[in-house]
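> I'd like to ask you about the structure that follows.
The values are calculated or read from the model by the stated rules, or taken from the named source; none is laboratory data. Because the structure is predicted, anything quoted here is derived from the model rather than measured. Cβ coordinates were reconstructed from backbone atoms using ideal geometry, including for glycine residues, and neighbour counts include every protein chain displayed. Surface areas here come from the heavy atoms of the whole protein model, side chains and all, with no ligands, DNA or RNA. Shrake-Rupley method; radii C 1.70, N 1.55, O 1.52, S 1.80 Å.
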Amino acid sequence: MAAEDLVERRSIDVVPDDERHGTAFSQFTLWLGANLQITAVVTGALAVVFGGDVVWSLVGLVLGNLLGGAVMALHSAQGPKLGLPQMIQSRAQFGVKGAVVPLLLVILMYVGFFASGSVLAGQATAELTHTDDTTGIVVFAVVTAVMAAVGYRVIHVLGRVASVICALAFVYLGIRLLDRVDLSALLGDAHFDLPMFLLAVSLSASWQLAFGPYVADYSRYLPRTTSAKATFWWTLSGSAIGSQWSMTFGVLVAASAGDAFLANQVGYVVGLGGTGLIASFLYFVIALGKLTINVLNTYGGFMSMVTSISGFRGQKVLGPRGRAAYIAVIMVAGTAVALLGKDSFLSSFKDFLLFLLTFFTPWSAINLVDYYLLSRERYDIPALFDPHGRYGAWRWDALVVYGVGVLAQLPFLATHFYTGPLVDPLGGADISWIVGLVVPAVLYWALARRNPPVPGDGPRAERGVSPTAEEAPAP
C-alpha cells in the first residue's frame, strides 16, 4: 500500500461509497485490542479496592460491560449507514451549532483519558527506554499523536496487532496469577453488598459508555451494505470480551495483592510475569495496549474539535496541516494533565469515570432515540452541515432535555467530591447512570414526536419523509 493511501484524507465529511472497505469483523479486533490494556485492569481492580468481594464484583462488571457495551454498539452500527463521524450526527438532535454543547464535554473526556492512559503507559515506556516517568509520558504522547495523524487505516492495523499480542500476554499473565492465588478461597468469600455491586456495574458501564461519542468514527468506512446487526455484535463482543478479560484480571490482582498492586500497578503486573526479556516484553505490551486506546482518544478528540468549530465556520474539509494542529492541541493538553496528575492517578480515576458518565448517558439516550425510533435511521446529510437547513442552528428542546438529563442524575450521584441526597437512602448505591439513560430518553421521545426539527428560516421538515438522493437511505 502506498504511503498516500495509508494517510487518511477525510475528516468530518461523508465517506463516499467508492472509498468504503473492510468487514464488520474489523470492529471486533479493534475493540478487543483497545480493551486488553492496563487501565481496564485498574478499572476492574477499583471494584475490589473500594470494598467489593471477588464474586459479586465480577458479576457486576459483566452486567455493566454488557449493558454499556450494548449502548456503545448501537452507536457503532450508525457508522456504515451514514458514513459520518459519531458527533456530527448530534447535529440532527441539537442543531448544527447546538451540538457544540455536548461536544465540549466530549473533548474534555478525550483529554482526560489521554492523560490517564499516558500516566500508566509512560511508566512502561520509561522502563523500556531507561528514562524517568516524565520522559516516558512525553515520548508516548508524541508517538500517539503521530499515529493518530495518519488516521483510520493505521488505527485498525494497530487494533489487529494489539488484539493478538495483548491477548497472548494476558493468557500468560493469567496463568502466572492463578499459580499465585488461592482462587477457591477468593471465590468462597462472597458477600453481596448492593452499593458495592452497583459500583462495579457503574465502573464497567461507564467504561463502555465513554466510547459512545466516537465509536462510529471507526465503522464509518465500512461499506453501506454492511449489516447493522453484524456491526453491532462484532463491536459489542470485541469491547465486552476485551474489557471483561482485563477487569477480571484486575479484580483477582487487587484481591490477592492488595497494597503491592496499589503502590505500583504497572510494576506489579510486569513483576507477576517475570524478569529480563519477559519483563521487557510485558512493558512493551502495556505500552502497546495503551497506544491503541490513546490513538483512538486522540483521533476522537481531533474529530470532535473539528466538528465543534465547523458548526460555526461551515468547514467540511481539513488539510494535513490543520489536522496536525488539532491533534497537537489534544496531545499537549493531555500530556500536561498527565504530568500534573501522575502522582494521584488511582485516587482520582474512579471519580473521573463516574463524573463523565453523568454527561454522556443523556447524550447517548437522546442520540439513540432520535436515530432508531424517530428518524428511523434516515438523516438529511447535507442539512447536518447547514445551520439554515431542516435541523437548524440550535435545537433548544433537545438542549433542555439534555440539561434535565444531567441534573436528574445529581441526587443519585456518588463521587468523592459530590454525593447526592438520595444516595444514603439507597444504601450508598449510585444509580445515576440508569436515571441518565431513562429520563432524557422518555422526555426527548415525547417532545420530538410533537415538535419535529424546524429550521429558523426554512420550510417545515417532517420526520419520516421519503429520502432524497442526498439522504441516507433506509434499510
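> Report yes if Ala287 is small (Gly, Ala, Ser) and within 27 Å of the chain's Cα centre (by Cα), otherwise no.
Taking the combined requirement at face value, the residue satisfies it.
> Being part of a helix (DSSP H, G or I), open to solvent by 10 Å² or more (accessible area, probe 1.4 Å) and among the aliphatic types (A, V, I, L, M) is the filter here; which residues of the range 1-30 pass it?
Ala3, Leu6
> Could you list, in sequence order, the residues of the range 150-177 that are farther than 23 Å from Phe284 by Cβ and outside any loop (DSSP other than H, G, I, E, B)?
Residue satisfying the conditions is Tyr152 alone.
> A further question on this structure: Scan (1) open to solvent by 40 Å² or more (accessible area, probe 1.4 Å); (2) at pLDDT 70 or above; (3) under 16 Å from Leu374 (Cα atoms) for the single condition Gly464 breaks and write down its number.
(2)
> Identify all residues within the range 432-446 that are hydrophobic (A, V, I, L, M, F, W, C) and surrounded by 18 or more Cβ atoms within 10 Å (Cβ to Cβ); write none if there are none.
Passing the criteria: Trp433, Val435, Leu437, Val439, Ala441, Leu443.
> If I ask for residues that are assigned to a helix (DSSP H, G or I), over 21 Å from the mean Cα position of the chain (by Cα) and touching a residue at least 24 places away in the same chain (Cβ under 8 Å), which ones from the range 184-217 would you list?
Leu186, Leu187, Leu194, Pro195, Met196, Phe197
> Which residue, of Gly238, Gly267, is part of a helix (DSSP H, G or I), surrounded by fewer than 18 Cβ atoms within 10 Å (Cβ to Cβ) and at pLDDT 85 or above?
One residue alone meets the criteria, Gly267.
> How many of the residues making up the range 131-147 are of a type in the set (S, T, N, Q) and within 20 Å of the chain's Cα centre (by Cα)?
The total comes to 1.
> Could you check Ala92 against (1) of a type outside the set (D, E, K, R); (2) modelled with pLDDT under 90; (3) at negative phi and say which number it fails?
(2)
> Let me ask something else about it. Output the residue which, of all residues in the range 344-374 that are surrounded by 21 or more Cβ atoms within 10 Å (Cβ to Cβ) and hydroxyl-bearing (Ser, Thr, Tyr), is modelled with the lowest pLDDT.
This residue is Thr358.
> Counting just the residues of the range 135-179 that are closer than 30 Å to Ala325 by Cβ and charged (D, E, K, R), which one comes out least open to solvent (accessible area, probe 1.4 Å)?
That would be Arg153.
> Is it the case that the range 155-176 has a residue that's under 23 Å from Leu103 (Cα atoms) and not charged (D, E, K, R)?
There is at least one residue in the range 155-176 that is under 23 Å from Leu103 (Cα atoms) and not charged (D, E, K, R).
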